[in-house]
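Computed from the coordinates by the stated procedures, all read-outs in this text should not be read as laboratory data. No experiment lies behind these values; they were computed from the predicted model shown. Reconstructed Cβ throughout: ideal geometry from the backbone, glycine too, with neighbour counts over all protein chains shown.
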Amino acid sequence: MEQISRCFLLLMLTPVLLSSCNQAIRGQALDTEAANVFDQLTRRQNQALEQRFDPTMRGPDFVGQLTAIEDIVPALDPRTLRALSTSLFVSNGTTTALLKDEYDYGDRAALVQLRVRRDAGSANWEIEGFHVQVATFEQLAANDFTLTDKPVGQYVFLALMFASPCIIVMALAKVLRTRGLRRKW
């Protein structure tokens, strides 16, 4: 019984231990790179931004694409910047970073995904691409989880969802306490 309780405790602690695995921590160089790219975008510095892109990304309508993105992004300084995630990939000495940031402008927010690459021996990051989405907080509020104005079926489903783990634990306890039952697992 003691071995079963240890196994159960380990099983319950596994999600906690796995959630403590953190994504790569950004260094100052990556923070500076992301801020510089977004700053050049908001200040409409297309020529400087174009020089930082991977040459294979610069097509015939590259400046037109940058202008279309600039029309979406507000031309003012954000109130806050929040780094959402960082993923680093290292292969054959080349480091690729995928950065996701959220810029808050008060009335709207911009979600920016930036992909940069640095070859071995190079000090500069080269932009492989980026993606920008801008939405007002009213538009984002539609995705918030709320319990107001929901149909009865959704309340029932939510209650069953919370009851499910309790029922599973009670069934497991019942099986473990039943004497004479072979092959409990």
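The table below gives the values:
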| item | result |
| --- | --- |
| In the range 120-151, residue surrounded by the most Cβ atoms within 10 Å (Cβ to Cβ) [restricted to those that are more than 18 Å from the chain's Cα centre (by Cα) and closer than 22 Å to A35 by Cβ] | W125 |
| Sole exception among (1) surrounded by 12 or more Cβ atoms within 10 Å (Cβ to Cβ); (2) closer than 14 Å to A35 by Cα for S87, by number | (2) |
| D77 vs. criteria under 23 Å from L140 (Cβ atoms) and free of Cβ contacts under 8 Å to residues at least 60 places away in the same chain | yes |
